[in-house]
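Taking it in order: structure first as structure tokens, then the write-up.
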Amino acid sequence: MEDLIENMSRQGDVLIVPSVKAETGHELPRDADGSLTLAHGEVTGHRHRFVESNVEFSDSPRRKTRHLAIVKTTALLKHEEHTEIPVAPGVYDLPRQVEWTDSDEPRVVAD
């Protein structure tokens, strides 16, 4: 796998940011196919997901970010409409991306 992501990266509406703190919360369940889904496409039903078993994904309620992913060995972030992204081993925050509307109200970015 070339060009491993070791810094901040984005795949559609999913932002992956290296974290300096490995803090786990409540582990989130895997999908029926064994994938760990970071985000669902509301319109298409597509998923931003890791399929490898070497990734943990948990809520981190004490952090300002939504979730925390721990990648034990290189893993691919997959999506049906985006190029796969190889993610290097490490700990990552997954903050929600927001956009501003015409009424100056922030809203969560949706795929």
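Couplings 3J(HN,Hα) for segment 48-59, derived from phi with the Karplus relation 6.51 cos²θ - 1.76 cosθ + 1.60 (θ = phi - 60°), are 8, 8, 9, 9, 6, 7, 8, 10, 10, 9, 9, 5 Hz, where x marks Gly and Pro.
Extension gain, THR83-SER58: 0.36 nm per intervening residue step, less the Cα-Cα distance, totals 6.6 nm.
Every read-out reported here was derived from the displayed coordinates using simple, explicitly stated rules and does not represent laboratory data. Note that the coordinates shown come from a computational prediction; the quantities given were computed from them, not determined experimentally.
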